[in-house]
Amino acid sequence: MSSLSADTKPSLLREEVDLKSLIPAFDQGDPFRNIVIDDFLRDDVANAVAEEFPKFDGPEWAAIYDNPIEVKKALNHWDRFPKNTYALLNFLNSDEVVAQMSELAGVKVWADPGLHGGGWHTHARGGKLNTHLDYSIHPKLGLERILNLIIYMTPDWREEYGGALGFWVEDEGKPGELRKQIPCRFNRAVIFDTSQQSWHGLPEPVTCPPHMARNSIAVYYLCEPRSDAADRGRALYAPHGDQANDPKILELIKLRSQVNTSHNVYRTKNGKETK
């Protein structure tokens, strides 16, 4: 397994990546502020981190989401990350990167060292994530979530496997037209503003071979709550397809969106708790 040496350059981004120069494109993003950056990390960094992702059925995963609106696994425990992943997440939470993210956001932002909702994410065959709005107010820090950084981390992923991140237009409190899809290309980064009624997700199950998974790294950046900030403490999901006519799914979505009930339902499958 390759590894990032201790004497490597301080920046783990590809040398040509300049977030400041991308501000105009970010601000003009549609249907909300966003930017897509290919070859985001240095090649050695991307390859080293990709090698560290465990298999989907491995014991490393701390959170298992297995219910009709989200099928995935995640890990945000620093002590469980291998050294290259640890080094990358530390870098993405560093003052250097946070300063660039502040310029991109147009407001001062802070990292979330607790990686609430972030870290490693993985979707195997059948994995999905209904279109949703992220939580707005961090449950521990009281800050407003404003930027998502997602980096696709599966080499050799094919577009026909699905898993493209979709962006939807807001339509009276629900997702309307699908305006943009971002295929999973290895070492591609997506940065978007989560505070603009930013409906996003991958509601169609991925169809990769059984030995593969759609792996990604996610880091979120927070700002002081603004006067118009939503008060969501949990993600708000939308039903997909025929789910809109299913009372059980609608009740699941309601419970999933509330801080005091979400932990009882988000690791369920077909309405039954998984053990």
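The values are calculated or read from the model by the stated rules, or taken from the named source; none is laboratory data. Bear in mind the structure is a predicted one, so any value in this text is a computation, not a measurement. A quick note on method: Cβ atoms are made from the backbone with ideal geometry, for glycine too, and the neighbour counts reach across all protein chains shown. All accessible areas refer to the heavy atoms of the entire protein, side chains included, with ligands and DNA or RNA removed. Shrake-Rupley method; radii C 1.70, N 1.55, O 1.52, S 1.80 Å.
Each row is one residue, and each column tells you yes or no for (1) touching a residue at least 24 places away in the same chain (Cβ under 8 Å); (2) closer than 24 Å to W61 by Cβ; (3) of a type in the set (S, T, Y); (4) part of a strand (DSSP E or B).
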site: N130; (1), (2), (3), (4): yes, yes, no, yes
site: L149; (1), (2), (3), (4): yes, yes, no, yes
site: W157; (1), (2), (3), (4): yes, yes, no, no
site: E160; (1), (2), (3), (4): yes, no, no, no
site: V190; (1), (2), (3), (4): yes, yes, no, yes
Handout entry: Odd one out for T207 among (1) in contact with a helix residue (DSSP H, G or I) (Cβ under 8 Å, 6 or more places away or on another chain); (2) under 15 Å from D38 (Cα atoms); (3) open to solvent by 40 Å² or more (accessible area, probe 1.4 Å); (4) not small (G, A, S)
Key = (2)
Exercise for the section: Considering only the stretch 79-88, state which residues are in a helix (DSSP H, G or I), in contact with an Asp or Glu (Cβ under 7 Å, 6 or more places away or on another chain) and without any contact (Cβ under 8 Å) to a residue 60 or more places away in the chain. Expected result: R80
Exercise for the section: Would you check if there is a residue in the stretch 226-240 being of a type in the set (S, T, N, Q) and open to solvent by less than 70 Å² (accessible area, probe 1.4 Å)? Expected result: no
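Go over the candidates L75, L104, L13, L22 one by one and state the one that is under 24 Å from A164 (Cα atoms), within 17 Å of the chain's Cα centre (by Cα) and aliphatic (A, V, I, L, M).
On the way: L104 fails: within 17 Å of the chain's Cα centre (by Cα); L13 fails: within 17 Å of the chain's Cα centre (by Cα); L22 fails: within 17 Å of the chain's Cα centre (by Cα).
Checking each option against the conditions leaves just L75.
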Problem - Of residues in the stretch 245-254 being open to solvent by 50 Å² or more (accessible area, probe 1.4 Å) and not charged (D, E, K, R), the one nearest to the chain's Cα centre (by Cα) - result: L250
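May I ask you to list the residues in the stretch 207-236 that are over 16 Å from the mean Cα position of the chain (by Cα) and closer than 22 Å to E60 by Cα? Working first, answer last.
To start, the set of residues in the stretch 207-236 that are over 16 Å from the mean Cα position of the chain (by Cα) comprises 207-212, 223-233.
The answer is C208, P209, P210, H211, M212.
Would you please name the residue that is most open to solvent (accessible area, probe 1.4 Å), looking only at residues in the stretch 162-176 that are touching a residue at least 40 places away in the same chain (Cβ under 8 Å) and over 20 Å from G117 (Cβ atoms)? Give the steps one after another, and end with the answer.
Looking only at the stretch 162-176, we keep the residues that are touching a residue at least 40 places away in the same chain (Cβ under 8 Å), and these are 162-163, 167-170, 174-175.
Next, from what is left, pick out any that are over 20 Å from G117 (Cβ atoms): 162, 169-170, 174.
On the way: G162: 27, V169: 37, E170: 67, K174: 99 Å².
This residue is K174.
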Problem - Selection count where residues are surrounded by 14 or more Cβ atoms within 10 Å (Cβ to Cβ), charged (D, E, K, R) and farther than 23 Å from P113 by Cα, scope the stretch 54-91 - result: 2
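Could you list all residues from the stretch 115-128 that are at pLDDT 95 or above, part of a loop (DSSP other than H, G, I, E, B) and in contact with a Lys or Arg (Cβ under 9 Å, 6 or more places away or on another chain)?
Filtering the stretch 115-128 for residues at pLDDT 95 or above gives 115, 118-128.
From what is left, the residues that are part of a loop (DSSP other than H, G, I, E, B) are 115, 118, 124-127.
Of everything in the stretch 115-128, those that are at pLDDT 95 or above, part of a loop (DSSP other than H, G, I, E, B) and in contact with a Lys or Arg (Cβ under 9 Å, 6 or more places away or on another chain) turn out to be A124, G127.
Being farther than 22 Å from L252 by Cβ, in a loop (DSSP other than H, G, I, E, B) and open to solvent by 10 Å² or more (accessible area, probe 1.4 Å) is true for just one of Q181, Q196. Which residue is that?
On the way: Q181 fails: in a loop (DSSP other than H, G, I, E, B).
Matching residue, one of Q181, Q196: Q196.
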Completion exercise
G142 meets each of (1) surrounded by 16 or more Cβ atoms within 10 Å (Cβ to Cβ); (2) part of a loop (DSSP other than H, G, I, E, B) with one exception, condition (1)
